[in-house]
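Working notes for the structure below.
The values are calculated or read from the model by the stated rules, or taken from the named source; none is laboratory data. Because the structure is predicted, anything quoted here is derived from the model rather than measured. Counting neighbours? That spans all protein chains shown, and the Cβs are built from the backbone with ideal geometry, glycine included. Protein only, heavy atoms only, side chains kept; ligands, DNA and RNA dropped before computing areas. Shrake-Rupley method; radii C 1.70, N 1.55, O 1.52, S 1.80 Å.
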Amino acid sequence: MTPGIAKFVFVMMAVGWYLVRYKYTRRARREKVATSARGLRENTLLLISLTGLGIVPFIYIVTAIPHFASYAFRPAQAWLGVFLAVAALIMFRLTHRALGRNWSLSLDVRENHRLITDGIYRESRHPMYSAFWLWAVAQALLMPNLVAGFAGLIVRIRRRPPD
């Protein structure tokens, strides 16, 4: 494992995340929304998540900035990150498959919405949040930079699942 391969794995994780979400985003646009929690607060939280889990790490991948926060690359640590990245993508895919037409980017309730209790939701109350946490930990393990690596963990602390 090299730093370049670890960065490549992170980029592929982001591509995989996008590919999983693309199909469901297109489908969600066709479903009528009954109620939505989308507003300034929700949009701000989504932007914060995008910053920590996407923008900051991609800046690091392209520019190695911030230089002061870099530390020695550890191949074993990166391999653990690869394992968690794969687990995050699998869990993310399972959540989308279980939610089906009920999925939405924001906290939306669709017409004919139903509570999902099968698939991955039979095992976990908030599996999509678990997938995001796995992503954030994988990011921290794949990127030997205290800012870029841990940016995903910090934003996950601020955005908790609803009870």
*For I154, work out the one condition from (1) more than 22 Å from V15 (Cβ to Cβ); (2) without any contact (Cβ under 8 Å) to a residue 60 or more places away in the chain; (3) open to solvent by 80 Å² or more (accessible area, probe 1.4 Å) it doesn't fulfil.*
(2)
*Given the conditions (1) at pLDDT 95 or above; (2) within 13 Å of the chain's Cα centre (by Cα), report the number of the one that L105 does not fulfil.*
(1)
*Quick one: how many residues across region 101-118 are out of contact with any helix residue (DSSP H, G or I) (no Cβ under 8 Å at 6 or more places or on another chain) and assigned to a helix (DSSP H, G or I)?*
1
*Checking V62 against (1) in contact (Cβ under 8 Å) with a residue 60 or more places away in the chain; (2) farther than 28 Å from R114 by Cα, which test does it fail?*
(1)
*Tell me which residues, restricted to region 13-44, are in a helix (DSSP H, G or I), exposed (fewer than 15 other Cβ atoms within 10 Å of the Cβ) and not β-branched (V, I, T).*
Y18, L19, Y22, K23, R26, R27, R29, R30, L40, R41, N43
*Somewhere in region 58-76, is a residue at negative phi, surrounded by 12 or more Cβ atoms within 10 Å (Cβ to Cβ), among the aliphatic types (A, V, I, L, M) and under 14 Å from the mean Cα position of the chain (by Cα)?*
no
_Long-range neighbours under 7 Å by Cβ, at least six apart or interchain, first residue farther than 24 Å from W135 by Cα within region 30-56, second among the small types (G, A, S)_ = S36/S106; A37/S106
*Inside region 45-57, can you point out the residues that are aliphatic (A, V, I, L, M) and either over 30 Å from A78 (Cβ atoms) or open to solvent by less than 50 Å² (accessible area, probe 1.4 Å) (or both)?*
L45, L46, L53, V56
_Where a residue in region 110-122 is aromatic (F, W, Y) and its partner, wherever it lies, is open to solvent by 90 Å² or more (accessible area, probe 1.4 Å) and modelled with pLDDT of 80 or more, with Cβ under 9 Å and at least six apart_ = Y121/L115
